[in-house]
Every structure is written in C-alpha cells, then in structure tokens.
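Below is one structure; the comments refer to it alone.
The values are calculated or read from the model by the stated rules, or taken from the named source; none is laboratory data. Just so you know, these numbers come straight off a predicted model, no measurement behind them. We place every Cβ from the backbone using ideal geometry, glycine too, and count neighbours over all the protein chains shown.
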Amino acid sequence: MTHLDISILGQQYKMGCPDGEEENLERSVLQFNDKLKSMKQAAPSRRNEQLIVMAALNYCHELNVEKMKNAQYTRELNERIQLLQETIEQALLPITTNKE
C-alpha cells in the first residue's frame, strides 16, 4: 500500500492506494477535479463541499445506470446462450423413426 498526496479543488489529501494502482488513482483525481471545475463554472455560488457531494451523487447515479445496463446485457447473453445450448442439444439427439 502506498500513499499519494492528491489535491481536490485545491484541498490537499493523503490517500492510501494499492500498489500498482497509483496511475489509476491519479487519473481519477484529474477526472474528478475536471468535473468539479465544470460544475463550479455552472454554479459559482456553490460551496466546494456542495459541489463534491453533487459530483459524488452524479457518479453514483452513472455507475448505477451502467450496472443496470450490464445486468440487462448479461441477461440477454444468458438467454442467447441458453437458446444456443438447447439448439445444439436438439441437433445432437438421435433421430428416431416410427416403425410400425
């Protein structure tokens, strides 16, 4: 575990980070700061704490939307796999003929 010094809207924080994930954390910080800056431009009267809470809620909402899309996509893929499996099983059944 390493510790990185990061800055969010000019406020310094020390964050723990799993080894090897430093670059991802730094990218996330840049993305978060960009989001906060654009929100600050749109609503300059908001306090930084309000912007951070709003941004966090926006990211949570976006994550939940993506999770729902992923779940739907997974269900559709599972249905297609099931149909393919049933089709293959039917194709492999021995052909029976009625002999009278």
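Filtered by the rule that a residue be of a type outside the set (Lys, Arg) and loosely packed, with under 12 Cβ neighbours inside 10 Å, the range 16-30 gives Gly16, Pro18, Asp19, Gly20, Glu23, Asn24, Leu30. When the criteria are applied in full, Gln12 meets the requirement of being part of a strand (DSSP E or B) and at pLDDT 95 or above. Among the candidates Asn98, Asn33, Asn48, the residue that is at pLDDT below 95 and surrounded by 10 or more Cβ atoms within 10 Å (Cβ to Cβ) is uniquely Asn48. In the range 73-84 there is at least one residue matching the filter, namely being among the hydroxyl-bearing types (Ser, Thr, Tyr) and within 24 Å of the chain's Cα centre (by Cα).
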